[in-house]
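S.K.: For reference, the structure I am asking about is given below.
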Amino acid sequence: MTSTGTSPRRPDDIHDTERGLRVPARYRHDWALFTDWCAAADRSPIPASPDTLALFLHEHPAVAATQRRRLSAINAVHTRHGYPAPGRTETVRRHLDTARAQRLDRLGCLLMQRARELPTEGWPSGLFGRRDALLLVLAATGMTFTDTTRLRRRDIRLDGNTLVVTTRAGERFLLAPDPEAGDNPVVGIYRRWAEIQAFLDQYPGTHLLRHHLTDPIEVFADPLDAEQAREPLLCPIDRWGHLPHGQPMTPQSVSTLVRAHLLGRAPVRKVLSTPPQENLDTRDEPKVHLDSTYYERGLAARRRDHEALEDLADIFDEIEVRADALLEDLVSVLEGL
């Protein structure tokens, strides 16, 4: 990201000549500490990533008030020069507020449990279940609902057995395997939803998708093209199972769904029966017998119709002339009233 502008110079600003930055005087020591550490760690001080800031705070332990002041200093320099404040991300907030981090961890465990319980097959329950499971996984990270709705398909990927999610602001969430069990259910949850999107890339429409969720076939996912990569990761689903690819969910709808799942009040989607798909290869085509004069009679009929309709253009012209005359008469009558 490039700088989008700077704020007016203030009398108490300190000039960082090395980087051409203006630093509030009250923050000069905190900013100097941060830039010195970045130079030693080979990190960029501006724009600084949330991971960089979290690592800096981790390697410079201090009381909460001191850490908040350092955070304010780094945020202030960034916002003054047109960059987003890296300290306003979930990664940094968790580091500063351990009590909040513990609450979110407990909430995340509950959300993950709910996600694993959702159906993955059947129509339309499997469709809603796959999407909502990934939605709950993202909510378990502490990511804001707004950031969740801004995610695009290109913003989520697998790195081995770890799911990597990158927000628009550049904050990365790593959903790694369980260190004790070694498995990572998040990977399966993501793959099941990605399979739905890959299927719709190849077979748009809900008719075939309905059969896929009741009698799955193997789907080979091709690399995303530019248009697919820009599509929302999560999209709304109507009661008929239609998914508008280009329309993201709203933060309000995500919030409502997450709360409903947490409270056990999420809508229960009844599994509907799917009629058997017709086998087009074995269907008998009706046999049509054409006599020897079929084509000659067809050509003769077309010539006859062409001759009969030859004067049609003149008839329409005459109708138009009469309509104009009637309109003029009507205008004259109205003007005489």
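The values are calculated or read from the model by the stated rules, or taken from the named source; none is laboratory data. Given the structure is predicted, the values throughout are model-derived calculations rather than measurements. All Cβ positions, even for glycine, are placed from backbone atoms using ideal geometry, and neighbour counts span all protein chains on display.
S.K.: From the residues in segment 229-244 that are surrounded by fewer than 16 Cβ atoms within 10 Å (Cβ to Cβ) and not charged (D, E, K, R), which one is farthest from residue 134 (Cα to Cα)? Break it down stepwise before answering.
M.R.: Here is the first cut: in segment 229-244, the residues surrounded by fewer than 16 Cβ atoms within 10 Å (Cβ to Cβ) are 229-230, 236, 238-240, 242, 244.
Now restrict to residues that are not charged (D, E, K, R): 229, 236, 240, 242, 244.
Values: 229: 18, 236: 13, 240: 20, 242: 18, 244: 17 Å.
Residue satisfying both the conditions and the ranking: 240.
S.K.: Which residue is surrounded by the fewest Cβ atoms within 10 Å (Cβ to Cβ), if the candidates are limited to segment 24-50 and must be in a helix (DSSP H, G or I) and aliphatic (A, V, I, L, M)?
M.R.: 40
S.K.: May I ask you to verify whether residue 147 is buried (at least 16 other Cβ atoms within 10 Å of the Cβ), on the phi < 0 side of the Ramachandran plot and not aliphatic (A, V, I, L, M)?
M.R.: In short, yes.
S.K.: Checking residue 131 against (1) in a loop (DSSP other than H, G, I, E, B); (2) at pLDDT 95 or above, only one condition comes out false. Which one?
M.R.: Answer for residue 131: the failing condition is (1).
S.K.: Please return the ranges of helices (runs of 4 or more DSSP H) entirely within segment 146-246 where 1 or more residues are more than 13 Å from the chain's Cα centre (by Cα) and within 20 Å of residue 120 (Cα to Cα).
M.R.: Passing ranges, in order: 185-202, 206-214.
S.K.: I would also like to ask the following. Can you tell me how many residues in segment 304-314 are surrounded by 10 or more Cβ atoms within 10 Å (Cβ to Cβ) and part of a helix (DSSP H, G or I)?
M.R.: 2
S.K.: Here's something else I'd like to know. Consider residue 224 carefully, then state whether it is touching a residue at least 60 places away in the same chain (Cβ under 8 Å), under 25 Å from residue 163 (Cα atoms) and buried (at least 18 other Cβ atoms within 10 Å of the Cβ).
M.R.: no
S.K.: Moving to a separate point now. In this structure, does residue 169 turn out to be in contact with a Pro (Cβ under 8 Å, 6 or more places away or on another chain), at negative phi and not acidic (Asp, Glu)?
M.R.: Spelling it out, residue 169 is indeed in contact with a Pro (Cβ under 8 Å, 6 or more places away or on another chain), at negative phi and not acidic (Asp, Glu).
S.K.: Counting just the residues of segment 70-125 that are in a helix (DSSP H, G or I) and of a type in the set (Val, Ile, Thr), which one comes out surrounded by the most Cβ atoms within 10 Å (Cβ to Cβ)?
M.R.: Only one residue tops the list, namely 74.
S.K.: Give segment 94-118 a look and list any residue that's under 30 Å from residue 46 (Cβ atoms), without any contact (Cβ under 8 Å) to a residue 40 or more places away in the chain and in contact with a helix residue (DSSP H, G or I) (Cβ under 8 Å, 6 or more places away or on another chain), or say none.
M.R.: 96, 100, 101, 104
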